[in-house]
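Working notes, structure below.
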Amino acid sequence: MVKRAKPLPLPAKLQAIADAALDKKAEGVVSLDVHDVSGYADAFLICAGSHSKHNQAIADNILRRLKDEGEAALGAEGMDPGQWILIDAGDVIVHIFDEPSRQHYNLEQLWNDVPRVYYDHDSVKAAK
């Protein structure tokens, strides 16, 4: 684990979380910039796995990456049953869904007026 005098800057933290999710083949990885509209987080990172065990593997890898970066998570909920896992990483809240849960809760639509960044294995794409 890297000991940091100060936290990772938000863009670097989001990239580390996105990379950890993508390393485990997460789909639809997107961050939402909610700092102007939320009192409890600066960003959400949302992604999906194909089933609960896949979601758990994604979450475990994100938790490991945060720890390796000296950014231990404050908590994680929903690891069992795994359809919707939430990781509180302080200024970033990570949501890992199975696809039916992601469609049902539709957080991207709920927060559709905030800036977002899409991540995939080859690039990062900013969008409004």
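The values are calculated or read from the model by the stated rules, or taken from the named source; none is laboratory data. Just so it is clear, the model here is predicted, and its values are computed rather than measured. All Cβ positions, even for glycine, are placed from backbone atoms using ideal geometry, and neighbour counts span all protein chains on display. SASA here: full protein model, heavy atoms, side chains in, ligands and nucleic acids out. Shrake-Rupley method; radii C 1.70, N 1.55, O 1.52, S 1.80 Å.
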Of the criteria (1) within 19 Å of Ser101 (Cβ to Cβ); (2) part of a loop (DSSP other than H, G, I, E, B), which one Val37 fails:
(1)
Please verify whether Ser38 is in contact (Cβ under 8 Å) with a residue 40 or more places away in the chain, closer than 20 Å to Leu8 by Cβ, out of contact with any Asp or Glu (no Cβ under 9 Å at 6 or more places or on another chain) and of a type in the set (S, T, N, Q), treating the condition exactly as stated.
no
Residue by residue through the stretch 22-68, note down the ones that are more than 18 Å from Asp113 (Cα to Cα) and among the acidic types (Asp, Glu).
Asp23, Glu27, Asp60, Asp68
Can you pull out every residue in the stretch 71-97 that is assigned to a strand (DSSP E or B), open to solvent by 50 Å² or more (accessible area, probe 1.4 Å) and of a type in the set (A, V, I, L, M)?
Leu86
Residue pairs meeting the criteria (Cβ under 9 Å; at least 6 apart or on separate chains; first part of a helix (DSSP H, G or I), in the stretch 49-69; second of a type in the set (S, T, N, Q)):
Ser52/Gln83; Asn55/Gln83
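Please find, among Pro100, Pro11, the residue that is over 25 Å from Asp122 (Cα atoms), without any contact (Cβ under 8 Å) to a residue 24 or more places away in the chain and in a helix (DSSP H, G or I).
Numbers: Pro11 fails: over 25 Å from Asp122 (Cα atoms).
The unique qualifying residue is Pro100.
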Matching residues, the stretch 29-38, being of a type outside the set (Val, Ile, Thr) and buried (at least 16 other Cβ atoms within 10 Å of the Cβ):
Ser31, Leu32, Asp33
I'm trying to understand the selection: among the residues of the stretch 39-56, which are at pLDDT 95 or above and either hydroxyl-bearing (Ser, Thr, Tyr) or open to solvent by 80 Å² or more (accessible area, probe 1.4 Å) (or both)?
Ser50, His51, Ser52, Lys53
